[in-house]
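Here, each number is a calculation from the coordinates, and none is a lab measurement. In this text the structure is predicted, and so the values were computed from the model without any measurement. A quick note on method: Cβ atoms are made from the backbone with ideal geometry, for glycine too, and the neighbour counts reach across all protein chains shown.
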Amino acid sequence: MAEKMRFKRVLLKVSGEALMGDGQYGIDVATVDRIADEVKQAIALGFEVCMVIGGGNIFRGLAGAADGMDRSSADYMGMLATVMNALAMQNGLERMGVPTRVLSAIPMSTVCEPYIRRRATRHMEKGRVVIFAAGTGNPFFTTDTAAALRAAEMSCDALMKGTNVDGVYSADPKKDKDAERYDNLSYMEVLSKDLKVMDASAVSLSRENGIPIVVFSIQESGGFVQVLQGDGACTIVQD
């Protein structure tokens, strides 16, 4: 990469599917621990990290709606799935000695704290990893949009999107060997080329708030820290 980048506070967005490991569904503890270790390395280097985790490994609202379920009910079920993933990630991080707080947009005082922006900011100032659960708390919004929203609210320097590939491609690199990989893209290129980096509302929200979207492989050991320090393969979406 031509430019060195150094972010201080970032939001890491991880899909629920990333937690499945080699399984077809559910949570693979070894995979959770591997991702938790990536976050631990970043915290040890002085970065401030907050997280949003999807729920697709347990329940996907859109799929439920497609099967005839009421969309709002399906989306709320998906939000509850993200709370389960957030608690699993919290457990992985705290077993490694990293203080972590789960803040849910749907109040669930028995298992986690309610989302209050100033409280979340204070946790981050104290060096804790904050995991935002239950999306935005509203149906019809994806966890991508929730990630863009929380990144803006937390004044993050970047939104780090951890995926299964090392950046954004013109087509699925697993299906098309001629797929072109991009190092840099503008928000408008992502939208006009329909590149599926994140959904359109998440990209637009990031653009409005001037937050770069950094797409990298969460499957690569040490990849998160490398990208944070300006090394490693990734695609940066910014104007």
Given bins 10 angstrom wide, list per bin the percent of all Cα-Cα distances in region 93-165, short to long.
18, 50, 30, 2
How large is the dipole of region 107-227 about the Cα centre if only Lys and Arg carry +1 and Asp and Glu carry -1, each at its Cβ, rounded to the nearest 20 debye?
540 debye
Using R₀ = 30 Å, calculate the FRET efficiency as 1/(1 + (r/R₀)^6) where r is the Cβ-Cβ separation of Ser109 and Asp28; round to 0.05.
0.55
Expressed as a whole-number percentage, the relative contact order of the chain with C-alpha contacts under 8 angstrom and at least six residues apart is 23 percent
Using a simple charge model, +1 on the beta-carbon of Lys and Arg, -1 on the beta-carbon of Asp and Glu, nothing else, what dipole does region 9-237 show about its Cα centre, in debye to the nearest 20?
720 debye
How high is the relative contact order of region 150-239, in percent, with contacts defined as C-alpha pairs under 8 Å that are six or more residues apart?
40 percent
Looking at region 1-104, which GluC sites (Glu not before Pro) are DSSP coil and have at most 11 other C-beta atoms within 10 Å of their C-beta?
Glu3
If I model region 103-239 as equal point scatterers sitting on the Cα atoms and use the Debye formula, what is log10 I(q)/I(0) at q = 0.20 Å⁻¹?
-1.24
For a quick check, take a GNM of the chain with Cα springs below 10 Å and name the residue from Ser201, Ser15, Ser192 with the largest mean-square fluctuation.
Ser192
Using 0.36 nm per residue, how much length does the chain from Ser72 to Ser201 gain when fully extended, once their Cα-Cα distance is taken away?
44.6 nm
Using every pair of alpha-carbon atoms in the chain, split the distances into 10 Å bins beginning at 0 and state the percent of pairs per bin, rounded to integers.
8, 34, 40, 17, 2, 0
